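Only one structure is covered here, and it is reproduced in the block below.
The values are calculated or read from the model by the stated rules, or taken from the named source; none is laboratory data. Values in this document were obtained by computation on a predicted structure and should not be read as measured data. Here the Cβ positions follow ideal geometry from the backbone for every residue, glycine too, while neighbour counts run over all protein chains shown.
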Amino acid sequence: MNRTYVGKYLDECLNNASKELNVAEEDLNYKIIKDNHSFINKKVEIEVMDVDLYSSSSNNHLNYTEDFTKDVAKKRVVINEDNVINNDENGVKVENGDVVVIEGLSKVYKEQITIRPCEKIKLFINGELCSEKGPYEITQSDKIDYIGEKIEQVKKISVNISVDKMKGYIKVEYKPAYVYKLRDKPMAKDLILKAMKVEEDYPKKYTLTEIKEILRQNKITDGIIYKNLIEACALGNGEETLIAEGISAIDDTPNEIKVLFDIGEKRIVNENSNEKIDYRNVYSISSISEGQVLAEIIQGKNGQDGKNICGEVLKKKTVKSRPIKIGDGCKVEGNSIIATKTGRPSSKNGILSVNSLYNIQDVDIKSGNIFFVGDVYIKGNVKEGMKVKSGNSLTIEKNVDISTIVAGGEINIKGSVIKSTVLTGQVDMEKKMYLEKLNEYKDIISKLISAVEKLNESSNNSKKISELVKILIENRYKSIPKLSLNIITHSICEDSDNNDLVSFIRSKMMGLNLSKIESIEDLRNLEELITNEIELLEDNMIIPADIYIGYCQDSLIKSTGNIIIKDKGQYVSNLTALNDIIFLRDDSVARGGVISARGNIKLGIVGSPSGVTTKLEVLQGGIITAKIAYSNTVFCFGERLKTLDVSSKDIKAYVNKEGEIIIEKFVL
């Protein structure tokens with residue numbers, strides 16, 4: 001006969017059966033009928049088998065107990081009707097990602113089996129979330145589930161365009177989805193779970209059609225580098241890749257003239273440069289024979305427009321080649337400029353010519369004054385009271401005494417100049433004529449402004465300014481269209497038709513464009529542009545030419561280029577140069593007088609121990625250097641001046657950022 005017992009726990013059921021049957025718990029033969037271990041309700045029901053045996057004779061009872069004990073010794077415990085569990089496995093484990101609970105002898109010996117949750121995993125016991133860290137007591141009958149945290153797959157693209165819209169870049173990135181699962185762990189009575197990240201599927205890669213649409217949305221339409229684009233889409237490694245590049249505009253190149261002979265152009269001396277200059281060889285004379293090639297013409301090339309990656313056209317700079325200009329003694333054959341006579345090659349304002357050379361021994365009463373349009377070469381002296389004027393360069397092998405020397409080009413006097421005047425340089429006649437037109441244009445525009453203001457006032461502002469301008473030009477200032485056209489024509493010839501003045505004239509002063517004048521301020525703006533052009537032209541109208549002298553005394557020397565003193569120096573003379581004044585020898589002397597340059601001044605010895613005053617003048621940005629300078633030497637920078645109070649050597653004078661005159665020196 002069998003009997004059932006109920007309790008919250010197995011040991012409670014066994015205890016009740018043991019008391020009732022008067023049999024030790026370990027001698028009971030039972031099976032578990034029901035085992036409910038939820039958080040709300042805990043119930044265990046067992047069925048004790050063969051109850052009538054427990055009331056038999058003691059021998060029979062002892063025999064049964066002995067047999068049962070042998071069963072236990074064989075490590076076999078009956079848990080239910082279908083399962084017989086080896087009590088070597090006893091606890092909870094994770095196997096192939098699943099939680100497996102095996103009670104085994106823990107059930108018999110009332111041992112607890114617990115489990116502890118981990119991060120990235122939501123653990124459920126019988127449908128309820130384990131929100132605390134645990135431990136949680138579990139049994140074999142509990143339903144244990146979990147949900148792993150999931151990381152979504154990544155598929156993204158970013159587009160970057162350079163500021164000038166000439167380059168485009170993309171970053172493509174693919175990342176797979178990840179899910180957290182339980183890592184397998186061996187059997188334990190108190191199991192601490194551990195999660196592992198398991199990679200799942202990658203996102204579907206971008207197609208070329210999708211990428212092209214994304215580029216279109218970012219306005220990238222041209223210069224696409226498909227090889228790079230396809231590779232970036234395939235790899236998806238998140239690296240920035242160049243996938244589009246624009247085409248730069250190629251500007252037109254004008255015709256150039258390559259001169260094959262030294263035409264007397266000199267180097268500009270920069271006192272701040274570390275470069276060593278051989279001043280003694282800076283001047284040279286070239287000559288050319290009839291029929292020789294003076295220069296080659298290198299033909300210009302047409303450029304092409306460019307396009308950025310957004311499809312916007314980049315206009316090339318259009319350059320109109322200036323016509324090749326030649327002067328006397330030259331001709332053009334094909335791409336060559338050939339000398340038609342023997343003489344000295346020259347280039348002034350871009351015009352090549354070959355000048356005839358006038359040779360003479362001495363200039364005196366017997367020869368008379370010399371006036372020659374070409375080059376002049378004097379083998380001897382220029383004597384007292386004489387005048388020599390050359391249209392180009394002038395060379396004097398010996399001395400000049402109480403005379404006047406004038407040249408349009410460079411002057412080279414190898415001897416001394418005593419009580420004489422030496423002048424070189426000339427005005428660019430083409431620029432002078434253009435300047436006259438600009439002054440005329442400015443004058444008539446000023447009159448137009450005054451007239452418009454009066455008419456506008458008398459009409460109570462009832463008419464547009466453009467209408468008043470048109471009426472006045474048609475009836476009173478009829479020369480404005482012609483002057484406007486002359487300025488545009490000149491700029492085209494000089495390849496400078498992109499300046500502000502020409503652009504304004506084209507857009508608002510020509511033909512129907514007069515209607516675009518909106519206010520009197522437009523006309524005042526035009527007047528200001530003309531003024532700026534005049535000022536710029538006045539600064540560049542003089543053609544520079546250098547003067548080379550061995551020594552000068554009580555003389556006036558003026559040059560539109562540099563003045564270079566090659567020998568002993570100067571005494572109480574006035575030297576003026578639009579560029580630099582250079583004394584080549586360290587022992588050359590500058591004593592008394594005024595030395596004035598718009599560039600820099602480089603000297604040997606300045607002044608004298610007796611304190612003779614010597615004045616040195618440059619602009620504020622100029623630099624004055626000297627090997628030795630005695631006291632009473634005056635350094636002038638613009639309107640500021642400073643007198644040297646103690647004789648010194650290795651001098652460098654300049655104006656610092658604060659506007660102070662600095663004289664670096666070592667006292668003698």
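To keep it simple, each residue is scored yes or no on (1) over 23 Å from Lys419 (Cβ atoms); (2) within 44 Å of the chain's Cα centre (by Cα); (3) outside any strand (DSSP E or B); (4) of a type outside the set (Val, Ile, Thr).
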position: Ser596; (1), (2), (3), (4): no, yes, no, yes
position: Val612; (1), (2), (3), (4): no, no, yes, no
position: Lys615; (1), (2), (3), (4): no, no, no, yes
position: Gly622; (1), (2), (3), (4): yes, yes, yes, yes
position: Ala626; (1), (2), (3), (4): yes, yes, no, yes
position: Val634; (1), (2), (3), (4): yes, no, no, no
position: Ile663; (1), (2), (3), (4): yes, yes, no, no
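Hey, could you check the range 156-208 for residues that are surrounded by 13 or more Cβ atoms within 10 Å (Cβ to Cβ), basic (Lys, Arg) and within 43 Å of the chain's Cα centre (by Cα) and say which is farthest from Gly97 (Cα to Cα)?
Within the range 156-208, the match that is farthest from Gly97 (Cα to Cα) is Lys165.
Taking the range 532-568 as the search range and keeping residues that are among the acidic types (Asp, Glu) and at pLDDT below 95, which one is surrounded by the most Cβ atoms within 10 Å (Cβ to Cβ)? Steps first, please.
Here is the first cut: in the range 532-568, the ones among the acidic types (Asp, Glu) are 533, 535, 538-539, 546, 554, 567.
From the residues that got through so far, the ones that are at pLDDT below 95 too are 533, 535, 538-539, 546, 567.
Values: Glu533: 22, Glu535: 9, Glu538: 13, Asp539: 8, Asp546: 26, Asp567: 15.
For the range 532-568, the residue satisfying everything is Asp546.
If I ask for residues that are closer than 30 Å to Leu215 by Cα and either of a type in the set (Ser, Thr, Tyr) or without any contact (Cβ under 8 Å) to a residue 24 or more places away in the chain (or both), which ones from the range 294-340 would you list?
Hit for the range 294-340 is Val313, nothing else.
State all residues of the range 601-627 that are touching a residue at least 40 places away in the same chain (Cβ under 8 Å) and over 19 Å from Ser573 (Cβ atoms); if no residue qualifies, say none.
Once the filter is applied, which keeps residues that are touching a residue at least 40 places away in the same chain (Cβ under 8 Å) and over 19 Å from Ser573 (Cβ atoms), the range 601-627 yields Ile623, Thr625, Lys627.
Do the conditions hold for Ser346, that is, is it part of a strand (DSSP E or B), at pLDDT below 90 and in the same structural domain as Ile297 (by TED's automatic domain parsing)?
In short, yes.
Scan Leu235, Leu229, Leu215 and give me the residue that is assigned by TED's automatic domain parsing to the domain that holds Lys156, in contact with a helix residue (DSSP H, G or I) (Cβ under 7 Å, 6 or more places away or on another chain) and among the hydrophobic types (A, V, I, L, M, F, W, C).
Exactly one of Leu235, Leu229, Leu215 is assigned by TED's automatic domain parsing to the domain that holds Lys156, in contact with a helix residue (DSSP H, G or I) (Cβ under 7 Å, 6 or more places away or on another chain) and among the hydrophobic types (A, V, I, L, M, F, W, C), namely Leu229.
For the range 376-396, how many residues meet the condition of being within 15 Å of Asp546 (Cα to Cα) and in a strand (DSSP E or B)?
Going through the range 376-396 one residue at a time, the tally reaches 4.
Quick one: Ile257 ticks every box in (1) in the same structural domain as Gly334 (by TED's automatic domain parsing); (2) within 29 Å of Lys120 (Cβ to Cβ) except a single one, so which number is it?
In the conditions (1) in the same structural domain as Gly334 (by TED's automatic domain parsing); (2) within 29 Å of Lys120 (Cβ to Cβ), Ile257 misses (2) alone.
Return the total of residues in the range 324-343 being in a loop (DSSP other than H, G, I, E, B) and over 21 Å from Leu394 (Cβ atoms).
Taking the range 324-343 and keeping what is in a loop (DSSP other than H, G, I, E, B), we get 324-325, 327-329, 334-335, 340-342.
If we keep only those that are over 21 Å from Leu394 (Cβ atoms) too, we end up with 324-325, 334-335, 340.
Within the range 324-343, residues that are in a loop (DSSP other than H, G, I, E, B) and over 21 Å from Leu394 (Cβ atoms) number 5.
With the requirement that a residue be among the aliphatic types (A, V, I, L, M), surrounded by fewer than 19 Cβ atoms within 10 Å (Cβ to Cβ) and in contact (Cβ under 8 Å) with a residue 60 or more places away in the chain, what does the range 424-441 give you? Quick ask: steps written out before the conclusion?
Taking the range 424-441 and keeping what is among the aliphatic types (A, V, I, L, M), we get 427, 429, 433, 435, 438.
Those still in the list that are surrounded by fewer than 19 Cβ atoms within 10 Å (Cβ to Cβ) too: 427, 429, 433, 435.
Listed by number, the residues that qualify are Val427, Leu435.
Quick check on my filter: what residues within the range 657-668 are under 16 Å from Ile601 (Cβ atoms) and either of a type in the set (Val, Ile, Thr) or surrounded by 17 or more Cβ atoms within 10 Å (Cβ to Cβ) (or both)? Give the derivation first.
Going residue by residue through the range 657-668, those that are under 16 Å from Ile601 (Cβ atoms) are 661-665.
Ile661, Ile662, Ile663, Lys665 - these are the residues of the range 657-668 that are under 16 Å from Ile601 (Cβ atoms) and either of a type in the set (Val, Ile, Thr) or surrounded by 17 or more Cβ atoms within 10 Å (Cβ to Cβ) (or both).
Within the range 459-562, which helices (runs of 4 or more DSSP H) (wholly inside it) include 3 or more residues that are among the charged types (D, E, K, R) and in the same structural domain as Ile444 (by TED's automatic domain parsing)?
465-475, 500-508, 520-539
State which residue is surrounded by the most Cβ atoms within 10 Å (Cβ to Cβ) when the search covers only the range 622-656 and only residues that are farther than 15 Å from Ile605 by Cα and of a type in the set (Phe, Trp, Tyr).
Checking each candidate, the answer is Phe637.
Among Ser519, Ser462, Ser466, Ser491, which is modelled with pLDDT under 90 and within 30 Å of Lys317 (Cα to Cα)?
After applying the criteria, what remains is Ser491.
Restricting attention to the range 21-50, and to residues there that are acidic (Asp, Glu) and modelled with pLDDT under 85, which single residue is farthest from Phe124 (Cα to Cα)? Please lay out each step first, then the result.
From the range 21-50, those acidic (Asp, Glu) are 25-27, 35, 45, 47, 50; that's our starting set.
Subsequent filtering for residues that are modelled with pLDDT under 85 retains 25-27, 35, 50.
Numbers: Glu25: 35, Glu26: 35, Asp27: 38, Asp35: 19, Asp50: 40 Å.
Per the stated criteria, the residue is Asp50.
Mind listing just one residue for me: the one in the range 325-359 that is of a type in the set (A, V, I, L, M) and over 44 Å from the mean Cα position of the chain (by Cα) and, of those, surrounded by the fewest Cβ atoms within 10 Å (Cβ to Cβ)? Steps first, answer last, please.
Here is the first cut: in the range 325-359, the ones of a type in the set (A, V, I, L, M) are 326, 332, 337-339, 351-352, 354, 357.
Going one step further and asking which of them are over 44 Å from the mean Cα position of the chain (by Cα), we end up with 332, 338-339, 354, 357.
Numbers: Val332: 14, Ile338: 19, Ala339: 23, Val354: 30, Leu357: 19.
Filtering the range 325-359 for residues that are of a type in the set (A, V, I, L, M) and over 44 Å from the mean Cα position of the chain (by Cα), the one surrounded by the fewest Cβ atoms within 10 Å (Cβ to Cβ) comes out as Val332.
Looking at the structure I just gave you, is Ile449 buried (at least 20 other Cβ atoms within 10 Å of the Cβ), at pLDDT 90 or above and not in a loop (DSSP other than H, G, I, E, B)? Before you say what the answer is, go through the steps one by one.
Working: buried (at least 20 other Cβ atoms within 10 Å of the Cβ): no; at pLDDT 90 or above: yes; not in a loop (DSSP other than H, G, I, E, B): yes.
Considered against the rule, which asks whether it is buried (at least 20 other Cβ atoms within 10 Å of the Cβ), at pLDDT 90 or above and not in a loop (DSSP other than H, G, I, E, B), Ile449 comes out as no.
What number of residues in the range 569-581 are surrounded by fewer than 24 Cβ atoms within 10 Å (Cβ to Cβ) and either in contact with a Cys (Cβ under 9 Å, 6 or more places away or on another chain) or more than 12 Å from Ile557 (Cα to Cα) (or both)?
Counting residues in the range 569-581 that are surrounded by fewer than 24 Cβ atoms within 10 Å (Cβ to Cβ) and either in contact with a Cys (Cβ under 9 Å, 6 or more places away or on another chain) or more than 12 Å from Ile557 (Cα to Cα) (or both) gives 2.
Please find, among Ile309, Ile413, the residue that is modelled with pLDDT of 90 or more, at negative phi, surrounded by 15 or more Cβ atoms within 10 Å (Cβ to Cβ) and in a loop (DSSP other than H, G, I, E, B).
Checking each option against the conditions leaves just Ile309.
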